[in-house]
Structure formats: C-alpha cells, structure tokens
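Student: Please read through the structure below; I'll follow up with questions.
The values are calculated or read from the model by the stated rules, or taken from the named source; none is laboratory data. Predicted, not measured: the structure shown is a model, and the values here were computed from it. Cβ sites come from the backbone with ideal geometry, for glycine too, and all protein chains shown count toward neighbours. The protein model used for the area step is the full one, side chains on, heavy atoms only, and it has no ligands, DNA or RNA in it. Shrake-Rupley method; radii C 1.70, N 1.55, O 1.52, S 1.80 Å.
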Amino acid sequence: QVQLVQSGGGLVQPGGSLRLSCAASGGTFSSYPMGWFRQAPGKEREFVAAITSSGALTQSADSVKGRFTMSRDNAKNTVYLQMDSLKPEDTAVYYCAASRIYSIRRSNYDYWGQGTQVTVSS
C-alpha cells in the first residue's frame, strides 16, 4: 500500500510559477511510474503528466507541454511538478498518483494523493 502526501499549490498570478511535491511512503517508490492529474470545477479529472519509475521518460498533455515539467527523486521518494507560465485555465485541484504501468490513463493508477488547489488569477 502506497501513501501519497502532496504539498505546494496556492494562488499565483498569470505568468507565474508554482512547484507541487508528492511524497510517497509505504511501498517501493522507485518501482512505480507516477502521474499528475487535475480536475477543474464541473470537469472530469484529466491527465497532466507522467514519468517512468526511473525518471528516464516523461510525457505531458498538449495543454501543458513546454510549460510544466515533471521530475522525481527516488532517493527522497518524491515526485515534482514544476509549473511555469501559468494560465487561468490551469486552475484546478491537482492530484499525484502511482501506477504499476507507465500510462496516461486515469484508470491505470492505483494510489492517489489528497489533492491540492492551484488557482491562477490576477
């Protein structure tokens, strides 16, 4: 059983930056591919980014490509989402998740963090 605890987030102006962190415990973190998802009010939870267990490969949604960067530090059991050039449409609750396979599909993720609010507004 893997527990994921998120930190970071908050209110930022358009064009600003934030970094989200997700610390894992209770499992072999380095064996899990990880993902970030987000859910805006009234919308489905959507894929943001994913990273392989080693960190060698990442992929991201077209809507965030070139602005968001996902990384991980297996020595610290932590995964990160660096968000730059933020836009109002990035406003959502962000979730980290752990999977047994490298995937962009929400249904493939078994463990989820508690979620953290990101609000982009002037």
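Student: Report, by residue number, each residue of region 24-51 that is of a type in the set (Gly, Ala, Ser), closer than 19 Å to Thr119 by Cα and in contact (Cβ under 8 Å) with a residue 12 or more places away in the chain.
Tutor: Hits for region 24-51 are Ala40, Ala49.
Student: Sticking with this structure for a sec: Filter region 92-101 down to residues that are more than 20 Å from Gly55 (Cα to Cα) and either among the acidic types (Asp, Glu) or open to solvent by 60 Å² or more (accessible area, probe 1.4 Å) (or both), then give me how many there are.
Tutor: The total comes to 0.
Student: Let me ask something else about it. Just one of Ser71, Ser54, Ser63 is among the hydroxyl-bearing types (Ser, Thr, Tyr), at pLDDT 95 or above, within 18 Å of Lys87 (Cβ to Cβ) and in contact with a strand residue (DSSP E or B) (Cβ under 9 Å, 6 or more places away or on another chain); which is it?
Tutor: Only one candidate qualifies: Ser63.
Student: Using beta carbons and a limit of 6 Å, which pairs, at least six apart or on different chains, have the first residue in region 52-76 and without any contact (Cβ under 8 Å) to a residue 60 or more places away in the chain and the second one surrounded by 15 or more Cβ atoms within 10 Å (Cβ to Cβ) and assigned to a loop (DSSP other than H, G, I, E, B)?
Tutor: That search, which allows pairs on different chains as well, returns Thr52/Pro33; Thr52/Tyr102; Ser53/Tyr32; Ser53/Pro33; Arg72/Gly55.
Student: Then there's this: Checking Glu89 against (1) more than 18 Å from Gly10 (Cβ to Cβ); (2) open to solvent by 80 Å² or more (accessible area, probe 1.4 Å); (3) not aliphatic (A, V, I, L, M), which test does it fail?
Tutor: Of (1) more than 18 Å from Gly10 (Cβ to Cβ); (2) open to solvent by 80 Å² or more (accessible area, probe 1.4 Å); (3) not aliphatic (A, V, I, L, M), only one is false for Glu89: (1).
Student: Return the total of residues in region 34-57 being buried (at least 16 other Cβ atoms within 10 Å of the Cβ) and either of a type outside the set (A, V, I, L, M, F, W, C) or closer than 26 Å to Gln13 by Cβ (or both).
Tutor: Adding up the residues that qualify gives 10.
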